[in-house]
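So the structure is just underneath, and the comments pick up after that.
The values are calculated or read from the model by the stated rules, or taken from the named source; none is laboratory data. Just so we're clear, the structure is a prediction, and the values are computed from it rather than from any experiment. Neighbour counts are summed over all protein chains in view; Cβ atoms, including those assigned to glycine, are modelled from backbone coordinates with ideal geometry. Just so you know, the surface numbers come from the protein's heavy atoms only, side chains and all, with ligands and any DNA or RNA stripped out. Shrake-Rupley method; radii C 1.70, N 1.55, O 1.52, S 1.80 Å.
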Amino acid sequence: GLGTWQVQRLGWKEEQIAIRQERSQPPGAELPARFPDPEGVEFTRVKLRGSFLHDQEFYLGARTESGRVGLNIVTPFALEDGRTILVNRGWVPEDRRDPASRAAGQIEGPLEIEGLLRTDGWKGVDFARPPNKPEERFYFWLDLPVMAGYVDRPIIEEVYADAVASELPGGLPIGGQTRIQLKNDHLEYAITWYAFAVILSVIYFLFHYRREEDAKP
């Protein structure tokens, strides 16, 4: 049963990897006008035209980059069409949290960027979910409806965008934080569980066969 479950997980994981790879490929599409099925457009690469509202940025904590611990910068992006979407601009070291320490990367004025659409919410098990700190603009997991109350204009609450990797003055934030290639060990797990089943079946047979032999006069 455990082996079969891992085979099913293998199929699911391969499907997820294929979806991420297909949707994240350039060129970026135009941002949809509506999001009736947010999960149906997740990881889609889109073009965004507008301006960052740097004075209203948020911080997404406990994030790593090449083994270094830091945080991600999430900034409202005022679109040309009047809407506003949150953009995860990328990773910075903890000691560069202060915007003044990375002023070169705080680009002002209209620009065009590309990002991958994402859905918010805690992705792990409930008992391990850490509490966010909205009053400090610090989050362990993004909660768009709550974050909307800390932006001075309405934002899109169905999705946000992860900025793709790009060259920025000063080199921060480091974009491209979306995981496209997921770890996939389910085939090895399935083989392991099936092997255990075969081994235990052999042991079971030998144990009972020997008992029958010992019981003979």
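Give all pairs with beta carbons closer than 9 Å in which a residue from the range 166-182 that is at negative phi meets a residue that is aromatic (F, W, Y); count only pairs at least 6 apart in sequence or on separate chains.
Correct list of pairs: L172/W91; P173/W91; I174/W91; G175/W91; Q177/W91; T178/F43; I180/F43.
Scan the range 123-139 and tell me whether some residue there is closer than 27 Å to G50 by Cα, open to solvent by less than 50 Å² (accessible area, probe 1.4 Å) and out of contact with any strand residue (DSSP E or B) (no Cβ under 7 Å at 6 or more places or on another chain).
Within the range 123-139, one or more residues are closer than 27 Å to G50 by Cα, open to solvent by less than 50 Å² (accessible area, probe 1.4 Å) and out of contact with any strand residue (DSSP E or B) (no Cβ under 7 Å at 6 or more places or on another chain).
Can you find, within the range 20-41, the residue that is nearest to the chain's Cα centre (by Cα) among those that are among the small types (G, A, S) and open to solvent by less than 80 Å² (accessible area, probe 1.4 Å)?
S24
Cβ contacts < 7 Å: first residue part of a helix (DSSP H, G or I), restricted to the range 4-23; second residue of a type in the set (D, E, K, R), any location; separation 6+ or different chain. Result?
Pairs found: R23/R45.
Do we have E167 as within 16 Å of the chain's Cα centre (by Cα), acidic (D, E) and assigned to a loop (DSSP other than H, G, I, E, B) here? Steps first, please.
Details: within 16 Å of the chain's Cα centre (by Cα): no; acidic (D, E): yes; assigned to a loop (DSSP other than H, G, I, E, B): yes.
No: the conditions fail for E167.
Answer with yes or no whether Y139 is hydroxyl-bearing (S, T, Y) and over 17 Å from the mean Cα position of the chain (by Cα).
Criteria not met by Y139.
Every residue in the range 157-176 that is out of contact with any Leu (no Cβ under 8 Å at 6 or more places or on another chain) and either at pLDDT below 90 or surrounded by fewer than 20 Cβ atoms within 10 Å (Cβ to Cβ) (or both), please.
Selection gives A165, S166, E167, L168, P169, G170, G171, G176.
Name the pairs: first residue in the range 97-119 and open to solvent by 50 Å² or more (accessible area, probe 1.4 Å), second residue at pLDDT below 95 and not hydroxyl-bearing (S, T, Y), Cβ to Cβ under 6 Å, at least 6 apart or on different chains?
Filtered contacts from the range 97-119: A104/P169; A104/G170.
How about the range 66-95: which of its residues are part of a loop (DSSP other than H, G, I, E, B) and either among the small types (G, A, S) or surrounded by 22 or more Cβ atoms within 10 Å (Cβ to Cβ) (or both)? Talk me through it step by step, then tell me what you get.
Initially, the range 66-95 is screened for residues part of a loop (DSSP other than H, G, I, E, B), giving 66-67, 80-83.
S66, G67, G82, listed by residue number.
Just to be sure before I move on: is L53 under 28 Å from Q21 (Cα atoms) and in contact (Cβ under 8 Å) with a residue 12 or more places away in the chain in the structure I sent?
Values: under 28 Å from Q21 (Cα atoms): no; in contact (Cβ under 8 Å) with a residue 12 or more places away in the chain: yes.
No, not satisfied.
Do the conditions hold for G61, that is, is it more than 20 Å from L144 (Cβ to Cβ), open to solvent by less than 40 Å² (accessible area, probe 1.4 Å) and of a type outside the set (D, E)?
Taking the combined requirement at face value, the residue does not satisfy it.
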